[in-house]
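Right, one structure below, let's go through it.
The values are calculated or read from the model by the stated rules, or taken from the named source; none is laboratory data. Since the model is a prediction, treat every value here as computed from it, not as a measurement. All Cβ positions, glycine included, derive from the backbone under ideal geometry; neighbour counts span all protein chains shown. The protein model used for the area step is the full one, side chains on, heavy atoms only, and it has no ligands, DNA or RNA in it. Shrake-Rupley method; radii C 1.70, N 1.55, O 1.52, S 1.80 Å.
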Amino acid sequence: MNKTLLVGDAMQEWTGTRRLLASLPDEHLNWRPHTKSYTLGELATHVVNLINWQLVILRDPGLDLATVPSHREALASRQALLDEFDANIQELKRTLDATDEVVLASNWTLRHGGTVMGVQPKASAFRTMGMSHMIHHRAQLGMYLRLLDQPVPGVYGPTADELGK
């Protein structure tokens, strides 16, 4: 993947993600739609934390899931989510600026201990494990908002809420 396309795509997705995070109501961060589901705050924290995955993909040759905590405590407020998201995005932008096509073409490995789960070029890993993963969970946040009867902001265009429907 061409770096210019990758960065343009990422910038658009980060903007939409921030817009959704900014709409989350603090009073519902402990709500969960099902006992097997994350709370709204846990899911939003996971979305924010996926920016760290994107950094790891660009900076490191791989990630061993056996060496990272499987769960992170939810951030306590919308403002805390936005503050961490914004700080992580600034670091990610600096990292992307310093990353060249050779690095993006180098392999990145996802493993769990001795089990290799996948090897792919960093550009592909960034798009799938980083961006697509974040987009997937961002969509879940939108569904949580709908279930809570809260306005859902548009990411790719206006929503029914924004159009007054």
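Considering only residues that are closer than 24 Å to Tyr38 by Cα and either of a type in the set (Asp, Glu) or in a loop (DSSP other than H, G, I, E, B) (or both), which ones fall in segment 135-158?
Taking segment 135-158 as the starting set, the residues that turn out to be closer than 24 Å to Tyr38 by Cα are 135-155.
Matches in segment 135-158: Leu148, Asp149, Gln150, Pro151, Val152, Pro153, Gly154, Val155.
Can you name the residue in segment 20-37 that is touching a residue at least 24 places away in the same chain (Cβ under 8 Å) and under 17 Å from Met134 (Cα atoms) and is also surrounded by the most Cβ atoms within 10 Å (Cβ to Cβ) among such residues?
Here the residue is Leu24.
With (1) without any contact (Cβ under 8 Å) to a residue 60 or more places away in the chain; (2) in a helix (DSSP H, G or I); (3) of a type in the set (Ser, Thr, Tyr) as the list, and Thr17 as the residue in question, which single condition is left unmet?
With (1) without any contact (Cβ under 8 Å) to a residue 60 or more places away in the chain; (2) in a helix (DSSP H, G or I); (3) of a type in the set (Ser, Thr, Tyr) applied to Thr17, the lone miss is (1).
Is it the case, given these coordinates, that Pro121 is touching a Ser or Thr at 6+ places or on another chain (Cβ under 8 Å) and within 20 Å of Gly8 (Cβ to Cβ)?
On the way: touching a Ser or Thr at 6+ places or on another chain (Cβ under 8 Å): yes; within 20 Å of Gly8 (Cβ to Cβ): yes.
It is true that Pro121 is touching a Ser or Thr at 6+ places or on another chain (Cβ under 8 Å) and within 20 Å of Gly8 (Cβ to Cβ).
Answer yes or no as to whether Ser132 is outside any helix (DSSP H, G or I), free of Cβ contacts under 8 Å to residues at least 12 places away in the same chain and of a type in the set (S, T, N, Q). First the steps, then the outcome.
Values: outside any helix (DSSP H, G or I): no; free of Cβ contacts under 8 Å to residues at least 12 places away in the same chain: yes; of a type in the set (S, T, N, Q): yes.
No: the conditions fail for Ser132.
Of all residues in segment 128-165, which are aromatic (Phe, Trp, Tyr) and open to solvent by less than 30 Å² (accessible area, probe 1.4 Å)? Break it down into steps so the answer makes sense when it comes.
Start the filter on segment 128-165 by keeping residues that are aromatic (Phe, Trp, Tyr), which leaves 144, 156.
The one that is aromatic (Phe, Trp, Tyr) and open to solvent by less than 30 Å² (accessible area, probe 1.4 Å): Tyr144.
What are the pairs with Cβ atoms under 7 angstrom where one residue, in segment 144-156, is in contact (Cβ under 8 Å) with a residue 40 or more places away in the chain and of a type in the set (Val, Ile, Thr) and the other, located anywhere, is part of a helix (DSSP H, G or I) and open to solvent by 30 Å² or more (accessible area, probe 1.4 Å)? Sequence gap at least six, or different chains.
The qualifying pairs are Val152/Arg146; Val155/Arg19.
Look through Ala98, Ala139 and report the one residue that is aliphatic (A, V, I, L, M), free of Cβ contacts under 8 Å to residues at least 60 places away in the same chain and closer than 21 Å to Glu42 by Cα. Outline the logic, then answer.
Working: Ala98 fails: closer than 21 Å to Glu42 by Cα.
Every option except Ala139 fails the conditions.
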